[in-house]
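For reference, the structure discussed in these notes is given below.
The values are calculated or read from the model by the stated rules, or taken from the named source; none is laboratory data. Only a predicted model underlies this, so the values are computations on that prediction, with no experimental measurement involved. Cβ placement follows ideal geometry from the backbone for every residue including glycine, while neighbour counts extend to all protein chains displayed. We work out accessible area using only protein heavy atoms, side chains counted, and drop any ligands, DNA or RNA first. Shrake-Rupley method; radii C 1.70, N 1.55, O 1.52, S 1.80 Å.
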Amino acid sequence: MSCINVMEKERNVIINPLKTCQPFGAMFAVTGINKGFPIVHGSQGCSTFVRYGFARHFREPSEIAVTSLHEDAAVFGGRNNLVKGIENLAVRFKPDLIGVITTCSSEIIGDDVFGFADTARENIKKRMGEDSKKIEVIPINTPSFVETHYKGYDNAIKAVVNHLARKNEPNDKVNIIPGIVNPGDVRELKHLIDMMGLEGIFLTDISDPFDAPLRPSKTTMKPFYPKGGVSVDDIRDSANSLGTVSICKYAGSGAKSLEKEHNVPAAINSPPIGIQNTDQFLRELKKFTGNDIPDKLLDERGILIDSMADNASRYLFGRKVAIYGDPDITTGIARFVGELGMEPTMVCTGVKGPEFAKDMEKIAKETGSNIDVMVGQDLRAVEVYLKENPVDIMIGNSDGRLIALDLGIPLIRVGFPVYDRVGYQRQPILGYNGGLYLMDLITNTILEKYYEPTHWKLQQ
Amino acid sequence: MPYKLLKVDKEIPEREKHVYVKHCSDPEDQIPNCNTKTIPGSMSERGCAFAGVKGVITGAIKDVIHVVHSPIGCTSYGYGTKRYPTSPDLPNGEKFPIDNFNLKYILGTDLQESDVVFGGMKKLRQSIIEAHKEFPEANAIYAYSTCTTGLIGDDMDAVAKELTEELGTKVVAFNAPGFCGPSQSKGHHVGNLTLFNNLVGTKEPIETTPYDVNLIGEYNIDGDLWVIKEYLDEMGINLLSKFTGDCSHDEICWMHRAKLSLVRCQRSATYIADLIEEKYGVPYIKVDFFSTKYCAENLRTIGKYFGLEKEAEKVIEDRMKIVGPELEFYKSKLQGKRVFIFSGGPKSYHLSKPLEDELGMETVAVASQFEHKDGFEKMKSRVNDGTLIMDDPNSLEFEEIIEEYKPDLILAGVKEKYLAIKLGVPCLLIHSYENGPYMGFEGFVNLAKDMYSNIYSPVWDLLEFEDHVEEFGAEGVKIESGTNSEESDGIKEPKNRGEA
């Protein structure tokens, strides 16, 4: 019998969190917009820590402005800071879009960001004239003491879509809400969409902004903006697409809103990690567009299947896996390791969501294993659990590296943040290609750890 | 006019006073305007006061539990952000049972909406009690206020006082919400004051010697402190307390018993040295261990104070024998290279002159995120005429400086590093390090080596596809073609970039 055992956090204190605050998710989302500039309405730390985190993980610059709230703002409100901040950003950087992201402080002092944004728009108009017209200023409410970074991401996508999307001529495109994933993942999604003969509008697209080429500039134009990201015009056009696929279960509001307001049908699913989830993703695309899944993609699928047939039963079958991190990624990986014949014995996420346990129940049935599901938990809980219930391999972010080291369990790094290895943000874990990469990584790690280097078993 | 309005700042003319070009005829007290509020939306590189306390001062202490009283963000971001390793050794000869405890765990109250409405003190109390239960081996519990706690008005001190009695373990509250003060520097101040008021003078050292010192403002980034400790050990000087690299809670409690305090980071920690001198009569000297000359000079000063001159000379001689020839090599390679130093605080003045005197480089600009008046005066006194001195640069200014001053290398933090690289300029981490330690004699060689490998990396010769350059011409960024590689002392050299 397979079943899940849901374990919720029993302490009040949180020890080594597996989640972060709403503004993070909103900053991530706005970064995926071409010439989009996040401005955080809070203290310096609210932007500094996130920029630091992005720089560590992506090894890329990330420009995030802040309104620098100080004592006077705490007492008298942050109106001046926000109005001035938006103005300064607009006239100096001339972005296409400014995402105004609230924080715990600005929410507690009760700043009317919508009103302040209106004032700022007026001021920009006075100062810049015609040039101000193209600058979109979009307030995004992200109180840090409510839910997590996922909610912030969701709120940002919803705010941007609600503000910009306009019904017009049909465009034969599909909208994709990728969730909090890596540049490599978005590129893999683009590849899948391209193979299907489609064009996608990504809400939003961090692939180039967080993995930008270094090429000598041919002009002295300032400031530095990375190439890529979804354009404001494309976001406007998202109201005219054939459908929206959110591969992030926790960020479906934008998709729902497009469905409700503009009759763009929505599909909200787990991310395409592994065989069945990728199949499902392609099925959604087919449903919205009527395009068939091309032979070349079936070949890609076949290569992954071939590799699984070659190796999974020999090296991976029955191996126990502990997975921790963001809810979408962990459910996807749990299903995939199940497909590889491994046992996801513990899956932990810091986010709470009713969907999570349901998904895991389904996976337990499929894999025939008993899964301890830790919901709204932290990394300390993972550590304590693994001391009692050892596994063969851990899959999660770099924050678990010291636990892995102490317990002697190899760690496969996925998710955010990964700061102690290079290149992980560039490799996809989505799609058939991502599956291939992830499977090779897991298999080679198992070979390294559990097979004697001189043993005959390592040879064919 | 000594002040300079950069082109990119024409919309925020108040920045003019923060950007200063040194000129010998200026009055001595003319320096950039500093330690004032940041201009909103200007893309400053500053952090908040909470970052100043936990990220810089207390996070290096190895045997305490850190509880952040905040919504989840501040706790998540407080985890493992700075590279300050610790050894398990405690002053009583025992070993702390959890390796690198300070880097391994961060705790928080994960405040929710209801806590914001009804107050978070109950949750803080429960969290600290649970933290104590989870890690009974810890020698103290430090709790941190954040923007949210500051705004909802939770009385952290009351909870700390109550629980200190209840748990029998010292609980200390640090009241530096993110919004207090113009930068993280305010957090350093609060951290110093809190540790002084709550801990210093509350315990007696296990044993004392006539050569006891406090090493203050040294956080052991990449093992810096261990380098200095070795020199002092060899001289016969005893590190009674460290503030706070590789430090234990108890060491702070008996800082008043030292014979002398040595202040290394003079921005973040002079406060406590002043307080200790004032209350307990322990004098302090400001020290500087970056570069061989400063290091030798300061070891001599310390030696003189304790009558250990010979011992100091021996340490210097032993090290110089090894590092002298190595530095000669790097000097031959770094000669004339232009450098822009953008540090948090004092590193801009610690390094500007040594890079020129000992490695032949040219410091074209120095800047700081949060330095105060005294630090900028020092920066000014150590740079040449024409050098740019900046307070709190923002990223557009950063781009303009690169364009106008054409540095060959930038020393800065991780947020600036990748922007510099995108603009085609190598950038070395100076807040945490690339391959440190950077302090002391050996450290200076590490720094020189990292500067060398960054400037001479072949990548800078490969930025554009050559045919493409020939066909279209490279305007804007000028790409110079490399010369033939040569062999020297067995070190294979990459192509020379931009050799003047």
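Could you say whether any residue in the stretch B:65-72 is of a type outside the set (Gly, Ala, Ser), within 11 Å of chain A (Cβ to nearest Cβ) and in a loop (DSSP other than H, G, I, E, B)? Let's see the steps before the verdict.
Let us first name the residues in the stretch B:65-72 that are of a type outside the set (Gly, Ala, Ser), namely B:65-69, B:71-72.
Next cut, within 11 Å of chain A (Cβ to nearest Cβ) only: B:65-69, B:71-72.
Add one more test, that the residue is in a loop (DSSP other than H, G, I, E, B), and what stays is B:69, B:71.
Checking the stretch B:65-72: at least one residue is of a type outside the set (Gly, Ala, Ser), within 11 Å of chain A (Cβ to nearest Cβ) and in a loop (DSSP other than H, G, I, E, B).
Residues that are surrounded by 24 or more Cβ atoms within 10 Å (Cβ to Cβ), outside the structural domain of B:GLY168 (by TED's automatic domain parsing) and of a type outside the set (A, V, I, L, M, F, W, C): does the stretch B:60-70 have at least one? Scanning the stretch B:60-70 turns up no residue that is surrounded by 24 or more Cβ atoms within 10 Å (Cβ to Cβ), outside the structural domain of B:GLY168 (by TED's automatic domain parsing) and of a type outside the set (A, V, I, L, M, F, W, C).
Counting only residues that are open to solvent by 10 Å² or more (accessible area, probe 1.4 Å) and in contact with a helix residue (DSSP H, G or I) (Cβ under 6 Å, 6 or more places away or on another chain), the stretch B:247-279 holds 4 of them.
Can you tell me which residues in the stretch A:95-107 are open to solvent by 10 Å² or more (accessible area, probe 1.4 Å) and in a loop (DSSP other than H, G, I, E, B)? Passing the criteria: only A:ASP96. The residues on offer are A:ASN80, A:ASN88, and the sole one that is open to solvent by 10 Å² or more (accessible area, probe 1.4 Å) and either on the phi < 0 side of the Ramachandran plot or part of a helix (DSSP H, G or I) (or both) is A:ASN80.
Which of the following residues is within 10 Å of another protein chain (Cβ to nearest Cβ) and either touching a residue at least 12 places away in the same chain (Cβ under 8 Å) or charged (D, E, K, R) (or both): B:ASN35, B:ASN92, B:ASN100? Walk me through it before giving the result.
Values: B:ASN35 fails: within 10 Å of another protein chain (Cβ to nearest Cβ); B:ASN92 fails: within 10 Å of another protein chain (Cβ to nearest Cβ).
Result: B:ASN100 is the single residue among B:ASN35, B:ASN92, B:ASN100 that is within 10 Å of another protein chain (Cβ to nearest Cβ) and either touching a residue at least 12 places away in the same chain (Cβ under 8 Å) or charged (D, E, K, R) (or both).
For the stretch B:113-152, a residue qualifies if it is under 19 Å from A:GLY42 (Cα atoms) and in contact (Cβ under 8 Å) with a residue 12 or more places away in the chain, and the qualifying residues are B:VAL116, B:TYR144, B:SER145, B:THR146, B:CYS147, B:THR148, B:THR149, B:GLY150, B:LEU151, B:ILE152.
Taking the stretch A:1-36, which residues are in a loop (DSSP other than H, G, I, E, B) and at the interface with chain B (Cβ under 7 Å from one of its Cβ atoms)? A:ARG11, A:ASN12, A:VAL13, A:ASN16, A:PRO17, A:LYS19, A:THR20, A:CYS21 - these are the residues of the stretch A:1-36 that are in a loop (DSSP other than H, G, I, E, B) and at the interface with chain B (Cβ under 7 Å from one of its Cβ atoms).
The single condition among (1) at the interface with chain B (Cβ under 9 Å from one of its Cβ atoms); (2) closer than 22 Å to A:LYS126 by Cα; (3) open to solvent by 10 Å² or more (accessible area, probe 1.4 Å) that A:ILE39 does not satisfy is (3).
Assigned to a helix (DSSP H, G or I), open to solvent by 10 Å² or more (accessible area, probe 1.4 Å) and not charged (D, E, K, R): is that true of B:SER87 in this structure? In short, no.
Among the residues of the stretch A:265-287, those identified as surrounded by 24 or more Cβ atoms within 10 Å (Cβ to Cβ) and either of a type in the set (Gly, Ala, Ser) or not in a helix (DSSP H, G or I) (or both) are A:SER270, A:PRO271, A:PRO272, A:ILE273, A:GLY274. Inspect all residues belonging to the stretch A:300-320 and state whether any of them is in contact (Cβ under 8 Å) with a residue 12 or more places away in the chain, touching a strand residue (DSSP E or B) at 6+ places or on another chain (Cβ under 6 Å) and open to solvent by less than 60 Å² (accessible area, probe 1.4 Å). Within the stretch A:300-320, none of the residues are in contact (Cβ under 8 Å) with a residue 12 or more places away in the chain, touching a strand residue (DSSP E or B) at 6+ places or on another chain (Cβ under 6 Å) and open to solvent by less than 60 Å² (accessible area, probe 1.4 Å).
Note on the stretch A:417-435: residues that are open to solvent by 50 Å² or more (accessible area, probe 1.4 Å) and touching a residue at least 24 places away in the same chain (Cβ under 8 Å) amount to 4.
Just for the stretch A:53-77: of the residues that are without any contact (Cβ under 8 Å) to a residue 24 or more places away in the chain and of a type in the set (D, E, K, R), which one is most open to solvent (accessible area, probe 1.4 Å)? Once the filter is applied, the top-ranked residue is A:GLU71.
Candidates B:TYR418, B:TYR438: the one that is within 20 Å of the chain's Cα centre (by Cα), within 15 Å of B:ASN220 (Cα to Cα) and either touching a residue at least 60 places away in the same chain (Cβ under 8 Å) or within 14 Å of chain A (Cβ to nearest Cβ) (or both) is B:TYR438.
In this structure, does A:VAL50 turn out to be open to solvent by less than 10 Å² (accessible area, probe 1.4 Å), among the aliphatic types (A, V, I, L, M) and touching a residue at least 60 places away in the same chain (Cβ under 8 Å)? It is false that A:VAL50 is open to solvent by less than 10 Å² (accessible area, probe 1.4 Å), among the aliphatic types (A, V, I, L, M) and touching a residue at least 60 places away in the same chain (Cβ under 8 Å). Looking only at the stretch A:95-116, residues that are more than 27 Å from the chain's Cα centre (by Cα) and either more than 7 Å from chain B (Cβ to nearest Cβ) or small (Gly, Ala, Ser) (or both) come to 5 in all.
Which of the following residues is free of Cβ contacts under 8 Å to residues at least 40 places away in the same chain and in contact with a strand residue (DSSP E or B) (Cβ under 9 Å, 6 or more places away or on another chain): A:LEU407, A:LEU438? Reasoning before the result, please.
Details: A:LEU438 fails: free of Cβ contacts under 8 Å to residues at least 40 places away in the same chain.
From the options A:LEU407, A:LEU438, the qualifying one is A:LEU407.
Criterion first (without any contact (Cβ under 8 Å) to a residue 12 or more places away in the chain and either open to solvent by 10 Å² or more (accessible area, probe 1.4 Å) or within 7 Å of another protein chain (Cβ to nearest Cβ) (or both)) does B:ASP26 satisfy it? Judged against the criteria, B:ASP26 is not a match.
Show me the helices (runs of 4 or more DSSP H) entirely contained within the stretch B:357-466 in which 1 or more residues are more than 18 Å from B:TYR20 (Cβ to Cβ).
Working: elements: B:373-382, B:395-405, B:414-422, B:440-455.
So the answer is B:395-405, B:414-422, B:440-455.
Counting only helices (runs of 4 or more DSSP H) that fall entirely inside the stretch B:135-234 and contain at least 2 residues that are closer than 29 Å to B:PHE444 by Cβ, open to solvent by less than 10 Å² (accessible area, probe 1.4 Å) and modelled with pLDDT of 95 or more, the qualifying elements are B:184-198. Of these, B:GLU113, B:GLU45, which one is open to solvent by 20 Å² or more (accessible area, probe 1.4 Å), at the interface with another protein chain (Cβ under 8 Å from one of its Cβ atoms) and among the acidic types (Asp, Glu)? Sole residue among the options that is open to solvent by 20 Å² or more (accessible area, probe 1.4 Å), at the interface with another protein chain (Cβ under 8 Å from one of its Cβ atoms) and among the acidic types (Asp, Glu): B:GLU113. Of the residues that make up the stretch A:80-90, is at least one closer than 29 Å to B:VAL117 by Cβ, more than 9 Å from chain B (Cβ to nearest Cβ) and touching a residue at least 12 places away in the same chain (Cβ under 8 Å)? No: the stretch A:80-90 contains no residue that is closer than 29 Å to B:VAL117 by Cβ, more than 9 Å from chain B (Cβ to nearest Cβ) and touching a residue at least 12 places away in the same chain (Cβ under 8 Å). When B:PRO40 is tested against the conditions (1) within 13 Å of another protein chain (Cβ to nearest Cβ); (2) assigned to a loop (DSSP other than H, G, I, E, B); (3) in contact (Cβ under 8 Å) with a residue 24 or more places away in the chain, the lone failure is (3).
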